[in-house]
Amino acid sequence: MIELEKTYLIKSLPKDLQGFPAKEIIDIYIPDNSEHPKIRIRKNGSKYEITKKEPVNEGDSSHQEEQTIILTEEEFNFISKLPGKKSQKIRYNYTYENLTAEIDIFQENLSGLILVDFEFKTLTEKDSFKTPDFCLAEVTQEKFLAGGMLCGKSYADIEENLKKFGYSKIE
């Protein structure tokens, strides 16, 4: 499956966000000795999966090939014992225009970081998308904010990189 998306740092949370569905997501990227692991196991609410993502074109994180296998809770629990890099977030599925924005509010060591992903059906839709007012800056191509790079890090680890976008920790 091909995934077309853009990722943004949030400027401010939409005022009506609490009215939208939310779920806890736990990501574990493996292997833990890789700088940017491509394999992720995920607890997504009450669903479990293992996914491998790789850019279709080197250097373009907005256009990725994604392979996913559904897991049982038992399989997830077994695989999650492998050494990996972990992150935890609360994801809101927020409706913006005709799209669903996935607003990820990171927890624990990455608390203060909030990212927004928009997924698109076509390249034309992706390329013509205008940045919403609640978003600060597009960071799709910023390697330090990729899921596999964030896992296992703290907010302090990425704070200097965030400052170049004028981003401040959101409590």
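The values are calculated or read from the model by the stated rules, or taken from the named source; none is laboratory data. Being a predicted model, the structure only gives us computed values, none of them experimental. For neighbour counting, all protein chains shown are included, and Cβ atoms are generated from backbone atoms with ideal geometry for every residue, glycine included.
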Exclusive hit being without any contact (Cβ under 8 Å) to a residue 12 or more places away in the chain and in contact with a Phe, Trp or Tyr (Cβ under 9 Å, 6 or more places away or on another chain), set ASN93, ASN77: ASN77
Find all pairs meeting these conditions: Cβ atoms under 9 angstrom apart; at least six residues apart or on different chains; first residue within segment 17-29 and small (Gly, Ala, Ser) and modelled with pLDDT of 95 or more; second residue surrounded by 14 or more Cβ atoms within 10 Å (Cβ to Cβ) and not in a strand (DSSP E or B). none
How about segment 135-171: which of its residues are in contact with a Gly (Cβ under 7 Å, 6 or more places away or on another chain) and modelled with pLDDT of 95 or more? LEU136, TYR155
Within the bounds of segment 132-151, is there any residue that is free of Cβ contacts under 8 Å to residues at least 24 places away in the same chain, farther than 22 Å from LYS53 by Cα and over 14 Å from the mean Cα position of the chain (by Cα)? no
Could you tell me whether PRO83 is touching a Leu at 6+ places or on another chain (Cβ under 8 Å) and farther than 24 Å from ALA137 by Cβ? no
Qualifying positions in segment 83-94 - surrounded by 14 or more Cβ atoms within 10 Å (Cβ to Cβ) and of a type outside the set (Lys, Arg): GLY84, SER87, GLN88, ILE90, TYR92, TYR94
Does ASN57 satisfy being farther than 26 Å from LYS163 by Cβ and in contact with a Phe, Trp or Tyr (Cβ under 7 Å, 6 or more places away or on another chain)? no
Filter segment 39-80 down to residues that are closer than 18 Å to ARG91 by Cα, surrounded by 12 or more Cβ atoms within 10 Å (Cβ to Cβ) and polar (S, T, N, Q), then give me how many there are. 2
Output yes when any residue across segment 6-28 is over 27 Å from LYS163 (Cα atoms) and in contact with a Leu (Cβ under 6 Å, 6 or more places away or on another chain), and no when none is. no
